[in-house]
Amino acid sequence: MTDVLPEHLITLSPEAQAQLFTEARTANTFTDTPVTDAHLRAIYDLVKYPPTAMNAQPLRVLFIRPGDARDRLLAHVAEGNQAKAASAPVVAVLAADTDFHEHMDTIFPIRPGSREQLAANPHREQMARFNATLQIGYFLLGVRAAGLAAGPMAGFDNAGVDREFLTDTSWKSLLLVNIGHPGPDAWFPRLPRLDYGDTVRHL
């Protein structure tokens with residue numbers, strides 16, 4: 001049984017709650033309705049604002065449309081995910097930039113020298129991956145906020161994708177996300193969610 005949240009405790013409208021959370025689903029098929037570059041830009045311009053450690057913003061995005069690049073991507077996608085990825089108007093390769101520190105003088109001017117400090121930090125890649133993963137959650141919400149369906153997929157060969165598309169960069173792939181308008185039979189049945197009492201403790 002799903003808990004009904006008292007409306008006065010959530011300031012987001014019920015319609016927005018449904019679009020972003022309660023009715024949003026992972027799409028498994030897509031229509032051929034285009035996803036424009038303006039859509040993709042709007043999504044990024046929204047999701048660049050949530051917090052990251054030291055404002056590091058290590059998430060990087062490679063958008064891949066149907067064509068030769070998509071065919072090359074599919075060769076690295078798990079068999080069970082290939083049809084989904086093939087049908088999406090856009091697949092986003094979400095990656096962590098392990099050299100995010102190169103931008104620190106611009107994005108974290110309140111701490112001079114942070115670029116040099118992070119350049120020598122042996123945990124920089126771990127920081128990049130953690131904070132990019134945090135940003136990925138917001139990215140999925142941004143896709144939904146644009147009225148589109150997101151289909152996140154971890155079933156792919158990260159090393160193969162990195163060799164194929166990211167060789168000349170400091171980016172490391174983390175997740176693929178299919179983006180588009182849901183097609184026929186797009187949804188699996190909604191699976192149960194754990195209740196508050198199953199997951200939360202108070203001290």
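Using the structure shown, decide if Glu116 is free of Cβ contacts under 8 Å to residues at least 60 places away in the same chain and loosely packed, with under 13 Cβ neighbours inside 10 Å.
Here the answer is yes, as Glu116 does meet what is asked.
Based on what the data block shows, is Thr169 surrounded by fewer than 19 Cβ atoms within 10 Å (Cβ to Cβ), at negative phi, of a type in the set (S, T, N, Q) and in contact (Cβ under 8 Å) with a residue 12 or more places away in the chain?
Yes: the conditions hold for Thr169.
Restrict the check to region 149-166 and report whether at least one residue is without any contact (Cβ under 8 Å) to a residue 40 or more places away in the chain and either in contact with a Pro (Cβ under 6 Å, 6 or more places away or on another chain) or over 19 Å from Ala75 (Cβ atoms) (or both).
no
For region 124-134, does any single residue satisfy the condition of being of a type in the set (A, V, I, L, M, F, W, C) and either more than 21 Å from Tyr49 (Cα to Cα) or not in a helix (DSSP H, G or I) (or both)?
no
Among (1) more than 18 Å from Ser87 (Cα to Cα); (2) modelled with pLDDT under 95, there is one condition Trp187 misses while meeting the rest; what is its number?
(1)
Examine region 67-88 for a residue that is under 30 Å from Pro34 (Cα atoms), in contact with an Asp or Glu (Cβ under 7 Å, 6 or more places away or on another chain) and not aliphatic (A, V, I, L, M), and state whether such a residue exists.
Yes, the conditions are met somewhere in region 67-88.
Against the condition farther than 23 Å from Leu118 by Cβ and surrounded by 16 or more Cβ atoms within 10 Å (Cβ to Cβ), how does Ala149 come out, does it pass?
The answer is yes for Ala149.
Determine, yes or no, whether Phe139 is more than 30 Å from Ala18 (Cβ to Cβ), touching a residue at least 60 places away in the same chain (Cβ under 8 Å), in contact with a Leu (Cβ under 9 Å, 6 or more places away or on another chain) and of a type in the set (Phe, Trp, Tyr).
Against the criterion (more than 30 Å from Ala18 (Cβ to Cβ), touching a residue at least 60 places away in the same chain (Cβ under 8 Å), in contact with a Leu (Cβ under 9 Å, 6 or more places away or on another chain) and of a type in the set (Phe, Trp, Tyr)), Phe139 does not qualify.
If a residue counts only when it is under 20 Å from Tyr138 (Cα atoms), at pLDDT 95 or above and of a type in the set (A, V, I, L, M), which helices (runs of 4 or more DSSP H) contained entirely in region 1-116 have at least 3 such residues?
Hits in region 1-116: 37-47.
Suppose the filter is in contact with a strand residue (DSSP E or B) (Cβ under 8 Å, 6 or more places away or on another chain), in contact (Cβ under 8 Å) with a residue 12 or more places away in the chain, of a type outside the set (D, E, K, R) and closer than 24 Å to Thr52 by Cα; does Ala92 pass it?
yes
The values are calculated or read from the model by the stated rules, or taken from the named source; none is laboratory data. Please read these numbers as outputs of a predicted model, since none were measured by experiment. Cβ: placed from backbone, ideal geometry, glycine included. Neighbour counts: every protein chain shown.
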